[in-house]
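The values are calculated or read from the model by the stated rules, or taken from the named source; none is laboratory data. Model, not experiment: these values are computed from the prediction. Cβ placement follows ideal geometry from the backbone for every residue including glycine, while neighbour counts extend to all protein chains displayed. Keep in mind that these areas ignore ligands, DNA and RNA; they rest on the heavy atoms of the full protein, side chains included. Shrake-Rupley method; radii C 1.70, N 1.55, O 1.52, S 1.80 Å.
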Amino acid sequence: MSTPALPAQERPAVPVEIKVLVAAAFVIAVGFGLITPVLPQFAQSFDVGVTAASVIVSAFAFFRLLFAPAGGSLVARLGERPVYIVGLVIVALSTGASAFAQTYWQLLIFRSLGGIGSTMFTVSAMALLVRLAPPSIRGRVSSMYGSAFLIGGVIGPVIGGALGELGMRVPFVVYGVALLIAAALVAIMLRGTPLRADPLQGALPPMTVREALGDSAYRAAMVSAFANGWTNFGVRVAILPLFAVAVVGETWAAAVALAVGAAATALTLQFSGRVADTLGRRRPILGGLGLSAVGMGAMGLSGDLVPILVLTTVLAVGAGLLNPAQQATVADVVGNGRSGGKVLAAFQMCQDAGGIGGPVVIGAVADLWGWQWAFALSGLVSALAILPWLRARETLVVHAG
């Protein structure tokens, strides 16, 4: 049964603190995009092969995944704001240090430290959004935050490619400075935000992962987070460009496929958050997973650029529908009155695990049995994620009056 929505005029305004987090997210995403075009080449400048250069790229994501439980514990113990700021500073300093790395191993250590800082500010940012966003606009807030990251991620590589002409170390310095500016902005603008609920005021204790797993919506979100990471943050970014080049025979096809996907997701995010806040969370999640399954599952049948771009658009629209509603669901489960650092960290770990494991498995399947089977398997992952949502509860509750 659908839940009645609040009229637009009754919806609360987006808090200033959330706008600050969105602005910081944009700066972070632009900065991350600055180093994306040059990082593999920079790694290879230390006379290592493609595999070793790939390890540099993967180390960041691996240490994000590895440190996520500790990040959630730090949020529960210290509060969201200090963990967020410290995480940004760690990434800033490790990125700046990368610019001055003299050996491959130094670069690997610095990028690994950056992954630790990244999971700290990612989990704490999610926790802040949960605490600060009014329930009736959680979908809209998730869309704003996701749009900032997506648009920044599109702009960043363009600027990074230009900066790379000045030297491969320059983008790392610029990114480090940008992160320090973002950390200072958050520290100043959120200085009045409570660190965590005061236990002396009768607040509920932090939510545990075991408690959250008792909720059918959270269990479903964990499954769809893994599928989303696998499909949209893993295969779509790492494998789809390779497929586009293999089919078209031109390297520019990879950039076109990525750009079309980013644009379609960005456009979808402009309305998908409001859909999640009006029709409920389950409907856009089910629709998003369905579109992801179709777009990815049929991709291997493409024999030209046009069907690749059409299916990429279908896949990207699915991601744009899924993400805000999925994040809003987890926020609904935790609620504004509790700390949910560990719960949010576990959710993030599922997404990161899919993003790391998906390209590895699908790449192996493509080598052994071909593109059709590889993409069909990815489509199946999204399709299977629909099943727990069919029985999951709707978490959007709007009280009349």
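Going by the structure shown, is S118 outside the structural domain of A266 (by the TED database), among the polar types (S, T, N, Q), surrounded by 22 or more Cβ atoms within 10 Å (Cβ to Cβ) and in a helix (DSSP H, G or I)?
Values: outside the structural domain of A266 (by the TED database): yes; among the polar types (S, T, N, Q): yes; surrounded by 22 or more Cβ atoms within 10 Å (Cβ to Cβ): yes; in a helix (DSSP H, G or I): yes.
Here the answer is yes, as S118 does meet what is asked.
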Meets criteria (farther than 30 Å from V48 by Cα and among the basic types (K, R)) for R81: yes
Test result for V75, modelled with pLDDT of 80 or more and at negative phi: yes
Those residues that are open to solvent by less than 50 Å² (accessible area, probe 1.4 Å) and out of contact with any helix residue (DSSP H, G or I) (no Cβ under 6 Å at 6 or more places or on another chain), I need them from region 74-106; list them, please. G79, R81, P82, Y104
Is it fair to say L150 is under 18 Å from I35 (Cα atoms), among the aliphatic types (A, V, I, L, M) and modelled with pLDDT under 85? yes
Would a scan of region 227-250 turn up a residue that is assigned to a helix (DSSP H, G or I), in the same structural domain as W389 (by the TED database), among the hydrophobic types (A, V, I, L, M, F, W, C) and at pLDDT 95 or above? yes
Scope region 241-265; condition open to solvent by less than 40 Å² (accessible area, probe 1.4 Å) and within 18 Å of the chain's Cα centre (by Cα); matching residues: G261, A262, A264, T265
Apart from one, (1) over 14 Å from L179 (Cβ atoms); (2) buried (at least 23 other Cβ atoms within 10 Å of the Cβ) all hold for F63; the odd one out is (2)
Would you check if there is a residue in region 273-292 being crowded, with 24+ Cβ neighbours inside 10 Å, more than 20 Å from R138 (Cα to Cα) and either aromatic (F, W, Y) or at pLDDT 90 or above (or both)? yes
In region 317-364, the residues that are surrounded by fewer than 24 Cβ atoms within 10 Å (Cβ to Cβ) and free of Cβ contacts under 8 Å to residues at least 60 places away in the same chain: V317, V360, V361, A364
